[in-house]
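The values are calculated or read from the model by the stated rules, or taken from the named source; none is laboratory data. What you see is a predicted model; the values in this text were computed from it and never measured. So basically every Cβ, Gly included, is an ideal-geometry build from the backbone, and we count neighbours across all protein chains shown. All accessible areas refer to the heavy atoms of the entire protein, side chains included, with ligands and DNA or RNA removed. Shrake-Rupley method; radii C 1.70, N 1.55, O 1.52, S 1.80 Å.
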Amino acid sequence: MLGLMQDQPLLISNLIDFAERHHADVEIVSRRVEGDIHRYTYKDAAGRARQVANALDAMGLQFSDRVATLAWNGYRHFELYYGVSGSGRVLHTINPRLHPDLIAWIANHAEDQVLCFDMSFLPLVQAVHSKCSTIRHYVALCDADKMPPDTGIPGLISYEAWIGRQANTYQWPVFDENSASSMCYTSGTTGNPKAALYSHRSTTLHAYAAALPDVMSLSARDAVLPVVPMFHVNAWGIPYSAPLTGTKLVFPGPAMDGKSIYELLEAEKVTYAAGVPTVWQMLLGHMKPAGLKFSTLKRTVIGGSACPPAMIAAFNDDYGVEVLHAWGMTEMSPLGTLCTLKNKHQDLPEADQMKIRLKQGRSIFGVDMKIVDPDGNDLPWDGKTFGDLHVKGPWVVRAYFKGEGGDPLINGWFPTGDVATIDPDGYMQITDRSKDVIKSGGEWISSIDVENIAVAHPAVAMAACIGVAHPKWDERPIIAVVKKPGAELSREELLKFYEGKTAKWQIPDDVVFVDAIPIGATGKMLKTRLREQLKDYKLP
Ligand code: ADP
């Protein structure tokens, strides 16, 4: 017997319709590439998203055709999120920090038909457009009068001219909720990138889940600033969860430096922000010397790479901001776990609470996880045993676009490539990425643990731990360190700092001082490149 409830497909267009109807006057504020601040409402955004849909119809784009973007977090990008997916086309957000050749490769692989780009990326598009064989239309995300002459890009049109001639009325089509809505390529640290192809259903379910109290806890009383880019994994789903909850949206545009982010957080009374640790490092680096405080920020989600304890402590103790540690990946839309305490933890001493907060957190309903040994056997949830982390759920990939890489699943589970422990309360902690873990004399050393201790030292700005070949132990850890400007620190002093904080054999064998640690396209430390840079390094 079937239930007798209405059967309505979960479609992305429903989100913007809902926001327009129920949160019409809620603001969306953006710092533009031009440098000024743009503000309008969900009602305005919805009308312009419909203009985008009409403009795509006028171009003759078919259902499931791909529309690519090279764009910062901003209102026009937001309109494309809805105009493109809502009308049944697939939004392909491209990460502009990738190598230009890779961008062209990705655009060809996705068979993009249209490319919409912010003017910051004009030189990039000029460099790659001749290699992009499927793109028929180029749209510059700017006013008509800001279009530079003679760009050399065939048929380039300004976004405002493009949608300006279209009506803001449009009937969103209704179709199968499993239809593709958007896509994102993994950054491809090994081999060519592969694309996760999200659906309307997966995106809507993820948007519901992301808004839950123990996840991002978004509400109509919040103002959220996603520092996480809309060009990588849909800014952790915030552009979908915010309309669903009526949350004010604040977009930082291209200005990702500490000063600009701080000014926007304050001016727009932001209560909630989300980003990778490297961004928050810059923000705190700007605030501390100037003695600045937050007046409205209450919570921040930090994920994408391990959040060092020193950062959680700084936000909490110095600024009264709660840090929520999150874990996920492109293949998971991206949210998998988020760390919030349970009722029974409320009265624990601060230090014990901190131990929990450092973990990557508990599964969100919709993501099932397990840890397994190399033979695929389930490992216990005792908080000590570590194994390969596998996940499954309605917003986890089942295959990559065009079947690249074959079947990624093992018995229906997606292997994440992360090594983790899970404790009896279900808190998962990433030990390492499987390719970063250091194997020393048959024991495993977590590079994250080694880094966390180093960055707790007041003179250390950034630290990356890698394994170096060792004749007796196979591999031994060393730590590459960037000092804070003007700070003094010797090798001996840092090694001494490790004493008592970890087992002796987990203390790195050496400290290498470097000017910078290479950062990849998604703001994470690029250990592959660091290993290359240190390839002539010899252990003392
Ligand atoms: P990439 O940037 O490498 O293309 P993703 O953006 O999908 O890929 O990143 C996913 C990976 O990032 C995870 O598999 C994990 O290794 C790492 N990661 C994400 N969040 C965290 C976290 N909170 N702590 C540690 N590692 C994390």
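Residues checked against (1) open to solvent by less than 20 Å² (accessible area, probe 1.4 Å); (2) of a type outside the set (Phe, Trp, Tyr); (3) touching a strand residue (DSSP E or B) at 6+ places or on another chain (Cβ under 6 Å):
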{"site": "HIS470", "(1), (2), (3)": "no, yes, yes"}
{"site": "TRP473", "(1), (2), (3)": "no, no, yes"}
{"site": "ALA487", "(1), (2), (3)": "no, yes, no"}
{"site": "TYR498", "(1), (2), (3)": "yes, no, no"}
{"site": "THR502", "(1), (2), (3)": "no, yes, no"}
{"site": "ASP509", "(1), (2), (3)": "no, yes, yes"}
{"site": "GLY523", "(1), (2), (3)": "yes, yes, no"}
{"site": "ARG529", "(1), (2), (3)": "no, yes, no"}
{"site": "GLN533", "(1), (2), (3)": "no, yes, no"}
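Contact annotation: residue pairs with Cβ atoms under 8 Å, 6 or more positions apart or on different chains, pairing a residue in the stretch 434-462 that is within 12 Å of LYS527 (Cβ to Cβ) and touching a residue at least 12 places away in the same chain (Cβ under 8 Å) with a partner that is of a type in the set (A, V, I, L, M, F, W, C) and open to solvent by 50 Å² or more (accessible area, probe 1.4 Å), are VAL437/TRP444; ILE438/TRP444. Restricting attention to the stretch 315-355, the residues that are in contact with a helix residue (DSSP H, G or I) (Cβ under 7 Å, 6 or more places away or on another chain) and open to solvent by less than 20 Å² (accessible area, probe 1.4 Å) total 9. Pairs linking a residue in the stretch 522-540 that is free of Cβ contacts under 8 Å to residues at least 40 places away in the same chain to a residue that is assigned to a strand (DSSP E or B), with Cβ atoms under 7 Å and 6 or more positions apart or on different chains, are PRO540/ASP510. Criterion first (at pLDDT 90 or above, more than 16 Å from the ligand (Cβ to nearest atom) and surrounded by 24 or more Cβ atoms within 10 Å (Cβ to Cβ)) does TYR272 satisfy it? Answer is yes for this residue.
Scanning the stretch 334-342 turns up at least one residue that is outside the structural domain of ALA459 (by TED's automatic domain parsing), over 30 Å from ASP36 (Cα atoms) and more than 16 Å from the ligand (Cβ to nearest atom).
Out of all the residues in the stretch 229-260, which are aliphatic (A, V, I, L, M), surrounded by 24 or more Cβ atoms within 10 Å (Cβ to Cβ) and farther than 24 Å from LEU11 by Cβ? If the condition is that a residue be aliphatic (A, V, I, L, M), surrounded by 24 or more Cβ atoms within 10 Å (Cβ to Cβ) and farther than 24 Å from LEU11 by Cβ, then VAL250 is the only one that fits. Across the stretch 178-187, the number of residues qualifying as assigned to a loop (DSSP other than H, G, I, E, B) and either within 16 Å of the ligand (Cβ to nearest atom) or open to solvent by less than 40 Å² (accessible area, probe 1.4 Å) (or both) comes to 3. Just checking, does the stretch 456-467 include any residue being surrounded by 17 or more Cβ atoms within 10 Å (Cβ to Cβ), over 23 Å from TYR537 (Cα atoms) and modelled with pLDDT of 90 or more? There is at least one residue in the stretch 456-467 that is surrounded by 17 or more Cβ atoms within 10 Å (Cβ to Cβ), over 23 Å from TYR537 (Cα atoms) and modelled with pLDDT of 90 or more.
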